[in-house]
Number of protein chains: 2
Amino acid sequence: MSTRREQILAAAAELFARHGFHGVGIDEIGAAVGVSGPALYRHFRSKDAMLGEMLTSISESLLAGGQERRDTNEPAQVLGELIRFQVDFALDNPALITVQERNLGNLTEPDRRRVRALQRRYVEVWVQAIRETAPALDEPTARAAAHAVFGLINSTPHSRHLGRDGMATMLREMAVGALTRVCADGRPSGDLQTSSREFRIAGTSG
Amino acid sequence: MSTRREQILAAAAELFARHGFHGVGIDEIGAAVGVSGPALYRHFRSKDAMLGEMLTSISESLLAGGQERRDTNEPAQVLGELIRFQVDFALDNPALITVQERNLGNLTEPDRRRVRALQRRYVEVWVQAIRETAPALDEPTARAAAHAVFGLINSTPHSRHLGRDGMATMLREMAVGALTRVCADGRPSGDLQTSSREFRIAGTSG
DNA sequence: CGGCCGCGTTAGCGCTGGCTAACAGCAGGC
DNA sequence: GCCTGCTGTTAGCCAGCGCTAACGCGGCCG
């Protein structure tokens with residue numbers, strides 16, 4: 001509602017991403033939105049509450065977006081749409097992504113429980129989609145692969161060299177490539193060539 | 001040399017990884033190695049110095065390892081060996097990887113400069129290897145791809161479900177797949193099929 | 001044996017930082 | 001036209017934390 005809360009959360013996210021939760025003071029957050037110091041307590045009960053609300057709202061957005069992609073696409077398209085969704089989210093909200101990755105450990109215990117539950121459900125959407133595409137994959141592997149792809153996509157804040165769209169297509173491509181490769185796995189790991197390409201990456205066997 | 005310093009650094013890395021640099025007190029670090037509180041100042045000049053030494057030593061190890069792989073392998077094998085090296089390092093030193101990812105911003109300015117210089121050189125080794133494999137790739141893209149693969153490989157600490165070796169092979173596979181895909185890029189992004197596989201991930205075009 | 005030195009202890013200082021208290025301007029509603 | 005409530009201010013409390021000081025103890029060397 002009140003634009004003020006969101007404004008504060010956005011500024012706080014930026015700061016938390018750069019300096020870490022404990023590396024940012026109340027006064028700095030206030031200064032970032034033009035008010036100074038304890039004015040923030042008119043909008044949040046505590047600094048912990050800011051982080052809590054920030055992370056739960058991110059997690060809810062991701063889960064909602066994931067479920068929506070799952071429910072409004074043909075099964076064969078879901079994984080691709082999830083990739084696109086996550087890439088767009090990461091590119092458009094680098095600070096939020098960074099905070100979610102780094103500052104889970106700074107949450108209050110009940111908040112952490114809530115956030116982890118939401119994240120788990122989001123991962124489950126991915127796991128379903130992955131196994132829909134590659135039913136041979138066992139669930140733990142699919143889950144680990146999902147986490148790895150998150151790492152890939154969320155690496156965005158650390159490399160801003162390409163333009164937004166160039167970055168987006170590259171990340172989508174890489175995500176697809178990574179998932180394709182792991183989905184094709186299960187064979188004895190031996191000759192891993194890229195087949196039908198004019199180059200190959202050698203030496204990954206054993 | 002003195003095993004004590006390394007022991008302290010290891011404990012501190014674990015704690016920094018979990019709670020963030022500012023989220024950990026001197027007393028906790030001391031407690032983690034069995035001494036209490038300011039005894040650490042017999043070994044380090046400050047808490048900042050601990051983080052500084054930790055991160056520079058990680059960066060030096062990575063750079064040295066990367067250079068060694070580059071210099072002792074045929075060009076066609078270098079990229080694969082770099083992947084293997086990074087995967088092994090991440091799996092064997094999850095705390096260090098986490099700290100390096102998250103706590104660069106908490107370094108002293110001179111320390112940060114040193115670390116960033118080392119990291120840049122390490123990335124350059126990767127960029128060279130990538131472009132050796134796929135000369136058509138421009139340098140910024142190769143750099144961004146390298147960062148993305150780091151994100152993928154370093155996601156390790158967030159998913160411990162598979163065993164070490166299973167995780168290692170999966171991460172290598174995914175890294176290869178991601179790089180293969182991006183290296184093959186440059187064509188108009190349109191039909192992205194996985195070709196000659198029995199499945200495909202659809203919907204990533206545009 | 002005696003003095004030095006590496007490594008540890010506890011007490012305590014100074015500052016920072018989260019949070020509260022007390023007060024103020026400024027809407028809108030009766 | 002006052003009262004209420006929302007939003008902001010400044011002053012200040014109190015805990016925690018980085019770091020220093022002062023001291024103790026055991027081992028090595030002459």
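Given a 1.4 Å probe and the protein chains as shown, B:ASP88 ends up with an accessible area of around 40 Å².
Between copies, the label points of B:HIS161, set 7 Å from Cα on the Cα→Cβ line, lie 3.3 nm apart, reported in increasing order to one decimal in nanometres. What distance in nm lies between label points placed 7 Å from Cα along the C-beta direction at A:ALA136 and B:ALA49? Once both label points are built, they end up 5.7 nm from each other. For chain B, the relative contact order works out to 20 percent when only alpha carbon pairs closer than 8 Å and six or more residues apart are counted. Each 10 Å bin, from zero up to the one with the longest distance, holds this percent of the alpha carbon pairs of chain A: 8, 29, 31, 20, 8, 3, 0. Of B:ARG181, B:ARG42, B:ARG121, the residue with the greatest mean-square motion in the GNM of chain B, using alpha carbon springs below 10 Å, is B:ARG42. For the protein assembly as shown, adding -39500 (n - 2.57) for each run of n ≥ 4 DSSP H residues and dividing by the number of residues yields -22500 deg cm²/dmol at 222 nm. Here's the picture: a label point sits 7 Å out from the Cα of A:GLN67 along the beta-carbon direction, and within region A:104-118 the residues with their amide nitrogen under 18 Å of it are A:114-118.
Using Cα pairs under 8 angstrom and six or more residues apart, how large is the relative contact order of region A:1-44, in percent?
Working: 29 pairs, mean separation 14.4, N = 44.
Taking the mean separation of contacting Cα pairs over the length of region A:1-44, I get 33 percent.
A dipole drawn for the protein assembly as shown from +1 and -1 charges on Cβ atoms has a positive end, and of B:ALA90, A:THR169, B:LEU107 the residue lying farthest that way is B:LEU107. With a cut-off of 17 Å on the backbone N, the residues of region A:31-70 near the modelled label site 7 Å out from A:ALA117 along Cα-Cβ are A:52-64.
The mean count of C-beta atoms from other chains within 10 Å of the C-beta of residues in B:137-150, rounded to a whole number, is 5.
Whenever you get a sec, line up B:SER159, B:SER46 from highest to lowest accessible area (probe 1.4 Å, protein heavy atoms).
Numbers: B:SER159 0, B:SER46 35 Å².
The ordering from most to least exposed comes out as B:SER46, B:SER159.
Look at the alpha carbon pairs under 8 Å that are at least 6 residues apart: their mean separation over the length of region B:1-110 gives a relative contact order of 32 percent.
Can you divide the C-alpha Rg of region B:42-83 by 2.2 N^0.38 Å and report the result to two decimal places?
Values: Rg = 15.2 Å, N = 42, 2.2 N^0.38 = 9.1 Å.
Ratio of Rg to 2.2 N^0.38 Å for region B:42-83: 1.67.
Shape analysis of the protein assembly as shown yields a ratio of the Cα radius of gyration to the Kirkwood radius, Rg/Rh, of 0.97.
Could you order A:LEU96, A:LEU107 by accessible surface area, starting with the largest, using a probe radius of 1.4 Å? Write down the numbers at each step before the final one.
On the way: A:LEU96 45, A:LEU107 10 Å².
So, going from the largest accessible area down, we get A:LEU96, A:LEU107.
Note on region B:1-44: the C-alpha convex hull projects to 2.8 nm² when averaged across all orientations.
Take the Cα of A:ALA32, go 7 Å toward its beta carbon, and the backbone nitrogen atoms of region A:77-103 under 11 Å from that spot belong to A:95-96, A:99. For A:ASP138, inter-copy separations between label points set 7 Å beyond Cα along the Cβ vector come to 4.5 nm, shortest first. Only one residue of A:ALA11, A:PHE44, A:GLY23 has its Cα farthest out toward the positive end of the dipole of region A:1-44, where Lys and Arg carry +1 and Asp and Glu -1 on Cβ, and that residue is A:PHE44.
The values are calculated or read from the model by the stated rules, or taken from the named source; none is laboratory data. Bear in mind the structure is a predicted one, so any value in this text is a computation, not a measurement. Methodologically, a virtual Cβ is constructed for each residue, glycine included, from the backbone with ideal geometry; neighbour enumeration extends over all protein chains shown. All accessible areas refer to the heavy atoms of the entire protein, side chains included, with ligands and DNA or RNA removed. Shrake-Rupley method; radii C 1.70, N 1.55, O 1.52, S 1.80 Å.
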